[in-house]
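Working notes for the structure below.
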Amino acid sequence: MVLALSTAHQIGLATTGALFIIFALVSSFVLPRQDPNFPGKWRNWYLAVCVIFFFAMMGAVVVFGREQAEAHEIVKEATAPKPSGDPAAGKAVFAKYSCGSCHTFAPAGTTGKVGPDLENLKESAATAGVPLDEFIESSVQDPNAYIAPGYKPGMPKLPLTPKEVDDVVAFLSAGQ
């Protein structure tokens, strides 16, 4: 987790942690040796400093431990499983279920106008805030997961096998 943070955040978190640890070690070993009655009459000040260090450390974790949105997206894209489907088989599945009767998609040679144009899947996925392959897969498996503007729910839930879903995802994403 710490390795995923930016260098500045790592330095900030490490610095705050190091100061907290140094304070704990000095107040545990050094100060009691110099004054066996430690904290003695300074107890309230010592407790106040302890509380300040505690909240400083918690604040540092909240502030410096927060991932940057861009870094999170890069990690998410890098770790997202790539489609394992076969685009050629996906084209056959597309034809088998007559998807082109409703959808326009040039790689399939279809010009259907009932459903959304599949030429714009990248833009639709970006609008939905979802990676392209994930968007296509959810749209195929749950047709009402995302309804394109200007269209009504109407796509039937198809009885696709997991392999067919992977193939269709590969076919549609290859055409983008």
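The values are calculated or read from the model by the stated rules, or taken from the named source; none is laboratory data. Keep in mind it's a predicted model, so treat the numbers as computed, not measured. So basically every Cβ, Gly included, is an ideal-geometry build from the backbone, and we count neighbours across all protein chains shown.
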Looking at the range 107-117, is at least one residue without any contact (Cβ under 8 Å) to a residue 12 or more places away in the chain and under 25 Å from the mean Cα position of the chain (by Cα)?
-> no
Can you spot a residue in the range 126-136 that is at pLDDT 90 or above, in a helix (DSSP H, G or I) and aromatic (Phe, Trp, Tyr)?
-> yes
Can you run down the residue pairs with Cβ atoms below 7 Å, 6 or more apart or on separate chains, where the first is in the range 74-98 and within 18 Å of residue 160 (Cβ to Cβ) and outside any helix (DSSP H, G or I) and the partner is small (Gly, Ala, Ser) and modelled with pLDDT of 60 or more?
-> 83/170; 83/173; 85/170; 86/170
All-but-one check, residue 81 against (1) at pLDDT below 90; (2) touching a Pro at 6+ places or on another chain (Cβ under 7 Å), failing number (2)
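For every residue, the table says whether it meets (1) modelled with pLDDT of 90 or more; (2) touching a Ser or Thr at 6+ places or on another chain (Cβ under 6 Å); (3) of a type outside the set (Ser, Thr, Tyr); (4) not assigned by TED's automatic domain parsing to the domain that holds residue 134.
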position: 25; (1), (2), (3), (4): yes, no, yes, yes
position: 28; (1), (2), (3), (4): yes, no, no, yes
position: 45; (1), (2), (3), (4): yes, no, yes, yes
position: 51; (1), (2), (3), (4): yes, no, yes, yes
position: 54; (1), (2), (3), (4): yes, no, yes, yes
position: 65; (1), (2), (3), (4): no, no, yes, yes
Do we find that residue 164 is under 20 Å from residue 87 (Cβ atoms) and in contact with a Pro (Cβ under 9 Å, 6 or more places away or on another chain) in this structure?
-> no
